Amino acid sequence: MSWGVQLSQFPPKTVSELLSNWQAGDEQALHETLPLVYDELRRAAHRYMRNERPDHTLQSTALVHEAYLRLEKQGAAEFKNREHFLAICAQLMRQILVEYARSRKAARRDGGFRLTLDDALAFKTQSVDMVALDDALNQLAKLNAQQSRIVELRFFGGLSIEETSRALNLSPTTVKKYWATARLWLHHQIRQSSDQ
Amino acid sequence: MTPERWEQIHDVLQKALELAPGERSAFLNQACSSDPSLRQEVDTLLASSDDVRSSFLLQFSGPRVTLTAGTRLGEYEVKSLLGSGGMGEVYRARDSRLGRDVAIKVLPPFVSSDPNRLRRFEQEARAAAALNHPNILAVYQMGTYEGAPYLVSELLEGETLREPIRRGRLAVRKAIDYGVQIARGLAAAHEKGIVHRDLKPENLFVTKDGRLKILDFGLAKLTQPQSSSENSALTLTEGTEAGVVMGTVGYMSPEQVRGQPADHRADIFAFGAILYEMLAGKRAFQKPTSPETMTAILNEDPPGISGVTPNLPPSLQRVVHRCLEKNPEQRFQSASDLAFALDALSDSGSSSSDSAVHGATGAGRRWKIIVPATVTGLTLSIGAYFVFFHHKPKLTDKDTIVVADFANSTGDPIFDDTLKTALGVSLQQSPFLSVLPDSTVTKTLQMMTRPPDAKLTPDVTRELCQRAGSKAYISGSIGSLGSEFVVGLKAINCQSGDSIAQEQVTAASKEKVLEALGEAAAKLRGELGESLATVQKFDVPLEQATTSSLEALKAYSLSFGVYNRDGSAASMPYLLRAIELDPNFAAAYNEAGISYSYLNQQGRAGEYFGKAFQLRGHASERERLDITANYYQNVTGDLDKAIQVFLQETESYPRTTEAYINLGIAYASQGQYEKAVEITKHALRLAPGDIGCYDDLTNFALDLQHFDEARQIIQAAHARTLDNRILHIGLYALAFLGTDPAAMAEQQQWFAGQPNYENLVLALASDTEAYGGHLGKARELTKRAVDSAIRADNKESGAVWQANAAVQQAAYGNAAEARQTAEKALKLAPASQSSEVEAALAFAMAGDAARAETLAQDLGKRFPLDTQMQSLWLPAIQAQLALDRKNPVSALTALRATTPIELGNISWVVNGSCLYHVYVRGEAYLAAGNGTAAAAEFQKILDHSGIVWNCWTGALAHLGVARANALQSRTSQGADADAARVRALAAYKDFLTLWKDADSDIPILKQAKAEYAKLQ
């Protein structure tokens, strides 16, 4: 990358355009969107893998693919804009990761080992107990649904404060405040559940 | 908790968070004065605010920071995004105070997640900001925004140096001009002690008015591993970064490639590479893959520029070459010297640049030459543009493809697996296409909850193709039309389901089917985007490349399925059947060789590799390279030659994993473990599901004493449900090295019920007992290992275990027993190279010089080209014989040959190597009366416990150190003598503690005790 004048690789407008085409029934539009959104998804996926495993490339790729396949299966939904699309992706990521973590736990209990998702997704569960996080997020949703969404978007979707605020139609200041206290609450909650 | 209560807590908590920690208490006292339980809740949560910083929630939050127009960072207001990339984003912003536009580069937060790293960034950035030079990008300010560090700098308009180079080589005068500017910028930075470390055309900016600016000072260090320990940790860069790394690799200095500390002279090397590229229009070191580029940087001189750019002033060439010296001492020692030297050329450069461009023609003809050249250039670029848009290749060389099973409607089962295998051979000849490896296919099927041998129908294949991230799949069909056969091939984009290429050919008879298929495959390759040149170069007709016998091909195809399911031993009958059906089937011999070597039967493996080598004309280019390399690696043992062929293979087929894996093994055999790791990691990047890479990386990590890393690699493989005996042996080694008998037993248990490998783990257990001096148990276990090997039809392994035991018995002082055991080994497997060398060494150590001499002569004749034989084993045997003759000097001379590869892996032992030759050298120094040198040799064995592990040399090395120090205390005086005596006593004690419950009748133990008593 240089300091010089270059075009942005990811003009938000294009994604939104493609998404609206997709909703209008143009299947190809999703495929065209993918390379553009791919980076976003990958960035989100990579966060789980960073510093984790030597083979994280495939793992995050697998995660992105799985999210993409599910997205495709879902068909064209109503996407308001790029942030909304990323928010759906965040939800999918959460689903996939938590399902995977639960299946791992279940497999350990009944002694079997059957994976529904590429086992390449085996990110280090010690560092983030996905199931505990999911439970805690569900509890948080009961206390403050928006805070739970903020964490989902930031953590699973990799959205910045600005993007989150646009996706949820909140001011960045509110997002920041909610994010700060939600983090403390979650951390406390997860630690409590692991102590038990 | 209710939502209302949480709302209350949240309010107080977030206000408290906004305060400095010291002010919080006062605020909370007031805010919670009426509600002590609220105070308690908030306190509890606040207490975790420190933890949360290091927890995943912070680490993982905000992968990047996006700034929108209008965002303010201090006095700067963001206007627009200029670009983004791996190391962050660059924005145009307005400095309202000074009324000028600036650039703001925001780095990704991972840079700041590590406080040390952040601190270093700040230091470097401050230093860079202090640099005030017209040829260095001016940095105005730095700060952090939402946890992401950013830099504010002058805004430049122009392009990076990469662009003009891409358009073609630069005029000599211009290259010198740019060179002088870069050198001056570097000189200014070096003067302040700042080294760039990542100089490359992408980091050099040419402004509109021709000024050159060096970018990203201080950033380079951030992107690089921080220390050698981190360097060696297993961290692979992500896919997109691989290109970046590869791009940078070409400008790395040899010392950086080696991971050694690099000073300002590394910048001089990079400068040389850039100057070369400006003048030649191509890179100084450019190879298809980064490991090869690194190898070239270390060992090769770049091709002479004068060949590409005629009439270059020799003095300029000398400047380039002096910058590119491998040894930093021989380069220009300062950038200002370099700037001076170049500047001196710039006058002559102006005239020489003319002559370089226009040759000897007179000035009057200049325009005639320039004009057509310009026009051609223009046409060419338009042409390329046109081609790009109108003949877009359907696949790129980064895509992988999946081959589906053939739809066979002929009713003849002979075509069932056969055609798919044949198609695979044909497609794999292509350096352009990359067929998804079997291991990944199996894994992906598993993820689709299908059995590993599921039929790959078009539907299944399409899903598999999508999930594996492949681009397309090839589905084939065969049908009969009267007496003729119609073979069809279709390439389908697995996302869209569209057909992207198809071919149909007719075969007049069953015998002509393979020929027809080969023809169709070659055409398909062209249609998919491969250049005609490589299709022609790598297209041995299929029936010649594999076999003309469909039946043989069928057996060969089936062997792969069986191998994937049940392993080497089960697949062997199919390969032997294939060979029986077609005695000229080179690839089948090669596969059989590979399977035998997996089964630890090196002798048999050698026979088959040899046969494949003889028949290598009957193979595709790719198979031929594979066969040739296997022959050198396993039959003649000529490591340099094998490495050459592997490098050739990686050059022709840069995406073939096996060649890299084998190259890694060859480097390990020479003891070049770092190189081996590098290459093998590259292989793993190409085939992330390949267990062989994990196996090798585990072993190399052990060899390098990186025990934690070895364990991590095994865990990573297990997390991917990859598992095999080598990983369990690795765990056994780790358990041994960590003195954890329970874990050792657990790993041993893993082998229960595996008849082919039981002998191996029994031999391991025997070595462990012998290491602890429990000879009775060791003898018993060796016997069981040998019996088990014989039962598994693997006499050779049995013989190796016996020969191993014989060497150990000789070392422990049981000479008669050693001679008997060695005889038994030779009798059990008379033609085995591995047991023969060890038996020879045992005879030499046990005093049967005549027998050792005869064996050594025979081995020398049989393996004249074998690197390890000639440079490790024979010297060790000769040295031992010289010691028997009481001639330590001649022993030491013989052992000199072993030094370059002395730490190399031995293929037939379970550990890395026993380092016998190092042990013998230690003994030789003892005999020569040189205690210091002897201690160093024995210490070398102790320092490489990851190579030696439970081999007896590891135990006796303690005694060796003790004796060496005792010798030193006798041959020196005063304080030196006392110190040596203390060291000797400690080492004796180490040894006797290790052998505290050893069998008491071991001669060397009795000697050690007597020596210890005497010294006390």
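The values are calculated or read from the model by the stated rules, or taken from the named source; none is laboratory data. In this text, all values refer to a predicted model and were calculated from it rather than measured experimentally. As a convention, Cβ positions derive from the backbone with ideal geometry for all residues, glycine included, and neighbour counts pool all protein chains shown.
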task = Kindly state which helices (runs of 4 or more DSSP H) lie completely within region B:907-957 and contain at least 2 residues that are touching a residue at least 40 places away in the same chain (Cβ under 8 Å) and more than 34 Å from the chain's Cα centre (by Cα).
result = B:916-928
ask   = Are any residues in region A:162-180 touching a Phe, Trp or Tyr at 6+ places or on another chain (Cβ under 9 Å) and either surrounded by 19 or more Cβ atoms within 10 Å (Cβ to Cβ) or not aliphatic (A, V, I, L, M) (or both), and if so, which ones?
value = A:Thr164
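Conditions (1) away from chain A (no Cβ under 14 Å); (2) closer than 25 Å to B:Thr506 by Cβ; (3) of a type outside the set (Ser, Thr, Tyr), marked per residue:
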| position | (1), (2), (3) |
| --- | --- |
| B:Gly411 | yes, yes, yes |
| B:Phe415 | yes, yes, yes |
| B:Leu423 | yes, yes, yes |
| B:Ser426 | yes, yes, no |
| B:Pro431 | yes, no, yes |
| B:Ser434 | yes, no, no |
| B:Thr444 | no, no, no |
| B:Met447 | no, no, yes |
| B:Arg462 | no, no, yes |
Selected residue (criterion: surrounded by the fewest Cβ atoms within 10 Å (Cβ to Cβ)) from residues of region B:12-25 that are under 17 Å from B:Ser37 (Cα atoms) and more than 9 Å from chain A (Cβ to nearest Cβ) = B:Ser25
inquiry  = Out of B:Ser548, B:Ser595, I need the residue that is touching a residue at least 12 places away in the same chain (Cβ under 8 Å), in a helix (DSSP H, G or I) and not hydrophobic (A, V, I, L, M, F, W, C). Which one?
reply    = B:Ser595
task = Name every residue in region B:149-181 that is closer than 30 Å to B:Asp95 by Cα, touching a helix residue (DSSP H, G or I) at 6+ places or on another chain (Cβ under 6 Å) and either more than 10 Å from every other protein chain (Cβ to nearest Cβ) or outside any strand (DSSP E or B) (or both), in order of residue number.
result = B:Pro149, B:Leu161, B:Arg162
task = Any chance you could count how many residues in region B:35-66 are more than 8 Å from every other protein chain (Cβ to nearest Cβ), at pLDDT 55 or above and out of contact with any Ser or Thr (no Cβ under 9 Å at 6 or more places or on another chain)?
result = 10
task = Check off (1) among the acidic types (Asp, Glu); (2) within 30 Å of B:Leu550 (Cβ to Cβ); (3) touching a Ser or Thr at 6+ places or on another chain (Cβ under 9 Å) for B:Glu607 and give me the number that stays unchecked.
result = (3)
task = Answer yes or no as to whether B:Leu419 is under 20 Å from B:Glu519 (Cβ atoms), part of a helix (DSSP H, G or I), more than 14 Å from chain A (Cβ to nearest Cβ) and in contact (Cβ under 8 Å) with a residue 60 or more places away in the chain.
result = yes
remark   = The correct count of residues that are buried (at least 22 other Cβ atoms within 10 Å of the Cβ) and closer than 20 Å to B:Glu515 by Cβ in region B:474-492 is 6
query = Among (1) at pLDDT 65 or above; (2) closer than 25 Å to B:Leu186 by Cβ, where does B:Thr144 come up short?
reply = (2)
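Could you list, in sequence order, all residues of region B:820-840 that are farther than 18 Å from B:Asp793 by Cα, more than 34 Å from the chain's Cα centre (by Cα) and crowded, with 23+ Cβ neighbours inside 10 Å?
B:Thr821, B:Ala822, B:Ala839, B:Ala840
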inquiry  = Looking only at region B:709-728, filter to residues that are closer than 17 Å to B:Arg685 by Cα and not in a helix (DSSP H, G or I); which one of those is modelled with the lowest pLDDT?
reply    = B:Arg720
key: Among residues of region A:144-160, those that are surrounded by fewer than 19 Cβ atoms within 10 Å (Cβ to Cβ) and aliphatic (A, V, I, L, M), counted   = 1
ask   = Given B:Gln446, B:Gln495, which one is farther than 17 Å from B:Val403 by Cβ, touching a residue at least 60 places away in the same chain (Cβ under 8 Å) and either under 36 Å from the mean Cα position of the chain (by Cα) or crowded, with 18+ Cβ neighbours inside 10 Å (or both)?
value = B:Gln446
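Considering B:Glu769, B:Glu817, B:Glu836, which residue is at pLDDT below 95 and of a type in the set (Asp, Glu)?
B:Glu836
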key: Long-range neighbours under 8 Å by Cβ, at least six apart or interchain, first residue in a loop (DSSP other than H, G, I, E, B) within region B:505-517, second exposed (fewer than 13 other Cβ atoms within 10 Å of the Cβ) and at pLDDT below 85   = B:Ala508/B:Ser483; B:Ser509/B:Ser483
inquiry  = Just to be sure I understand, how many residues within region A:146-164 are modelled with pLDDT under 90 and at the interface with chain B (Cβ under 10 Å from one of its Cβ atoms)?
reply    = 12
message = Taking the criterion of being aliphatic (A, V, I, L, M) and assigned to a loop (DSSP other than H, G, I, E, B), would at least one residue in region B:995-1012 satisfy it?
response = yes
task = Considering each residue of region B:457-492, count those that are part of a helix (DSSP H, G or I) and over 13 Å from B:Ala407 (Cβ atoms), and give that number.
result = 6
task = Within region B:695-708, identify whether any single residue is within 11 Å of chain A (Cβ to nearest Cβ), assigned to a helix (DSSP H, G or I) and charged (D, E, K, R), and answer yes or no.
result = no
